[in-house]
Amino acid sequence: MAAAPAALELRAVSCVFAARGRKVGADGYLVVDQTSLSVAQGEFVSVVGPTGCGKSTLLNIAAGLLSPSSGGVYVYGQALDGVNRQAGYLFQAEALMPWCSALENVMAGLLFRGATRASAREPALHWLRRVGLGGFAGSYPHELSGGMRKRVALAQMLILEPDILLMDEPFSALDVQTRQLMENELLELWSAKKKAVLFITHDLDEAIALSDRVIVLSAGPATRPIGEFAIDLARPRDVIAIRDDPGFAQLHARIWQIMKDEVLKAHSRQMEGA
Ligand SMILES: Nc1ncnc2c1ncn2[C@@H]1O[C@H](COP(=O)(O)OP(=O)(O)O)[C@@H](O)[C@H]1O
Ligand SMILES: [Mg+2]
């Protein structure tokens, strides 16, 4: 039996940006160097690495928002050309339309795809309930807390039923308690309908608590994966309780061993203004 293709695969992807007043060669600034990684169907993979190493760049490449300078992206075995329509994307920054209610924000993707308002309304209400905002359909973003706005954004992504979820530090701006609640809710939604997830974070605890596999990137420039760890902790998980699991501490120590130097390198390069 042939193995099922990965939901998402990056093959030897490199990304060069035009130099922005940096110390670089004539060819520009190599941000991502020959990176290969894959996410199996239903798998939750996190990519961790120091700030500025190229995590968002990698995710933008996976989303088809940015073309790699070389290498390719494959979605269920098919070469990606243009925007990745099988993927939903959750950004770090707020991306709600402030002039639209929560309901309208969640309906927007369906309307954009040509659905009528009447047919988009029910599924949008359903997804608002799923993320715990059944009573806030008519509220505008400025009337909602940061955590609630993130929930709306989550519903906005999930209503389109993407096979692949691409998440770029989605909870990093939230306070710790809200963030842990959201992480647990994400795990619950994910376990109900296993999607392939590529989750970007600089937070190793978050990566271990959520994932099946954690990939560590080197400090930039020319970032690339330098370690990959299977997270064999039992599921279902509670992201708070799992931190007390002896397996968690062991994994954390093993991964931090290689991540620590990269964080220090990234920090000293930032101090040099490199
Ligand atoms: N469009 C761009 N043009 C030039 N440099 C960029 C561009 N986007 C990102 N960079 C640079 O590429 C590096 C990686 O950025 P990014 O992927 O955002 O890192 P991370 O998400 O890990 O913090 C940074 O040094 C950043 O300044
Ligand atoms: Mg980023």
Quiz prompt | Residues of the stretch 148-179 that turn out to be more than 22 Å from Pro123 (Cβ to Cβ), over 14 Å from the mean Cα position of the chain (by Cα) and surrounded by 18 or more Cβ atoms within 10 Å (Cβ to Cβ), as a count | solution = 2
Quiz item: For Glu262, all conditions in the list (1) in a helix (DSSP H, G or I); (2) touching a helix residue (DSSP H, G or I) at 6+ places or on another chain (Cβ under 8 Å); (3) of a type in the set (D, E, K, R) hold save one; what is the number of the exception?
Solution: (2)
Quiz item: Looking at (1) within 16 Å of ligand 1 (Cβ to nearest atom); (2) part of a helix (DSSP H, G or I), can you tell me which one Pro170 breaks?
Solution: (2)
Quiz item: With respect to Ser67, is the statement that it is away from ligand 2 (no atom under 16 Å from the Cβ) and in contact with a Ser or Thr (Cβ under 9 Å, 6 or more places away or on another chain) true?
Solution: no
Quiz item: Just for strands (runs of 3 or more DSSP E) wholly inside the stretch 1-111: which have at least 2 residues that are within 12 Å of ligand 1 (Cβ to nearest atom) and more than 16 Å from the chain's Cα centre (by Cα)?
Solution: 8-17, 29-39
Exercise. Pairs only if they're at least six apart or on different chains, beta carbon under 9 angstrom, first in the stretch 28-39 and on the phi > 0 side of the Ramachandran plot and at pLDDT 95 or above, second away from ligand 2 (no atom under 16 Å from the Cβ) and of a type in the set (Gly, Ala, Ser); list them, first residue then second.
Key: Gln34/Ala12; Gln34/Ser14; Gln34/Ser70; Gln34/Gly71; Gln34/Ala222
Exercise. Quickly run through the stretch 217-246 and pick out the residues that are within 16 Å of ligand 2 (Cβ to nearest atom) and among the β-branched types (Val, Ile, Thr).
Key: Thr223
Quiz item: Which of the residues that make up the stretch 64-95 are within 15 Å of Pro170 (Cα to Cα) and buried (at least 20 other Cβ atoms within 10 Å of the Cβ)?
Solution: Gly88, Tyr89, Leu90
Self-check item: When residues of the stretch 204-240 are limited to those that are closer than 30 Å to Ser69 by Cα and in a loop (DSSP other than H, G, I, E, B), the one nearest to ligand 1 (Cβ to nearest atom)
Solution: Gly220
Quiz item: Residues of the stretch 154-181 being closer than 24 Å to Gln41 by Cβ and away from ligand 2 (no atom under 16 Å from the Cβ), which ones?
Solution: Leu154, Ala155, Gln156, Met157, Leu158, Ile159, Leu160, Glu161, Pro162, Asp163, Ile164, Leu165
Quiz item: What about Arg213, is it within 30 Å of Leu160 (Cβ to Cβ) and either in contact with a Ser or Thr (Cβ under 8 Å, 6 or more places away or on another chain) or buried (at least 17 other Cβ atoms within 10 Å of the Cβ) (or both)?
Solution: yes
Practice problem: State whether the residues of the stretch 94-112 include one that is in contact (Cβ under 8 Å) with a residue 24 or more places away in the chain, within 16 Å of ligand 2 (Cβ to nearest atom) and not charged (D, E, K, R). | Solution: yes
Quiz item: Right, Phe199: closer than 18 Å to Ala62 by Cβ and either within 16 Å of ligand 2 (Cβ to nearest atom) or more than 17 Å from the chain's Cα centre (by Cα) (or both) or not?
Solution: yes
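The values are calculated or read from the model by the stated rules, or taken from the named source; none is laboratory data. Given the structure is predicted, the values throughout are model-derived calculations rather than measurements. Cβ atoms come from the backbone with ideal geometry, glycine included; neighbour counts cover every protein chain shown.
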